[in-house]
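Take a look at the structure set out below.
The values are calculated or read from the model by the stated rules, or taken from the named source; none is laboratory data. Here the structure is a predicted model, which is why all the values come from computation and not from measurement. Cβ placement follows ideal geometry from the backbone for every residue including glycine, while neighbour counts extend to all protein chains displayed.
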């Protein structure tokens, strides 16, 4: 996946400026124009479009409108202005078929964060796509430094790119090198723990479970089993809780010492996880958290991790909202130095037998 950037579009009042000379709209200029799709409710999209077409928009072209499920965007269809190209369910297809370079989200005040989550999830895996959002009053009051423009409309840039170039390569090498070392060193300990699990409870020693990784893709995670084999037979998928009766006596020890997590080094080696990143969640629980917690989908902009900022700064039963604050702080401030600090703090957390 190529680098991605999320931008916040600030629809500020126009400042009177000297009128530039009108240039002929050459085909070459139009060919280089940024192809933009507007996403949101029809009325909100039309207001933004009216503002944009009043400008000299030679450097961008509004391809059309993608509506939300609740906005009834089918009214007018392809004859509408701008053309209605579908709903957010069709966004990936629209971006590819119309060669869209930028998606501008025009959220209503009540659902801005959720609509952005839907757009990020729908466009995951599409390289070199720029995403922008029209902010509310709160976002406009938050200071930013990097700026750009869409026509005469100011843009406030918020970087959502992973470390690139040498930093990304070093992180990849560091993940694999440390995973190999840790796997070799911990192998006797894992073998003893596996034997204890086998002798004290029925069921498989190694526990496999589907989780959500980068770009919202599912993968299989590996752990030592710490619960009864039929732990969710009656309840279905539920979050673990303090004093959970489903956890076996050996499982409680493995959880306190985090020995049950060591098989996830295999996930680091196969590339589905990193040593540092947000902890991956199950699809069934992630869908509910995505609806309840605005911004939850941004955790999927990076690989999930064996440890993370939430693990070293929180407690085992910190609320999902509390964990999300730590996860987003990592996602939007990540660096090699931060990774090394989290790894060092993880050692202290394990020694103190705390964390999540």
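Data for the structure
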{"quantity": "Qualifying residue in the stretch 8-31 (condition: at pLDDT 50 or above and touching a helix residue (DSSP H, G or I) at 6+ places or on another chain (Cβ under 9 Å))", "calculated": "no"}
{"quantity": "Residues of the stretch 98-126 classified as more than 27 Å from residue 289 (Cβ to Cβ) and either assigned to a loop (DSSP other than H, G, I, E, B) or modelled with pLDDT under 80 (or both), total", "calculated": "4"}
{"quantity": "Positions within the stretch 249-284 being under 16 Å from residue 175 (Cα atoms) and either outside any loop (DSSP other than H, G, I, E, B) or not assigned by TED's automatic domain parsing to the domain that holds residue 345 (or both), in sequence order", "calculated": "261, 262, 263, 264, 265, 266, 267, 268, 269, 274, 275, 276"}
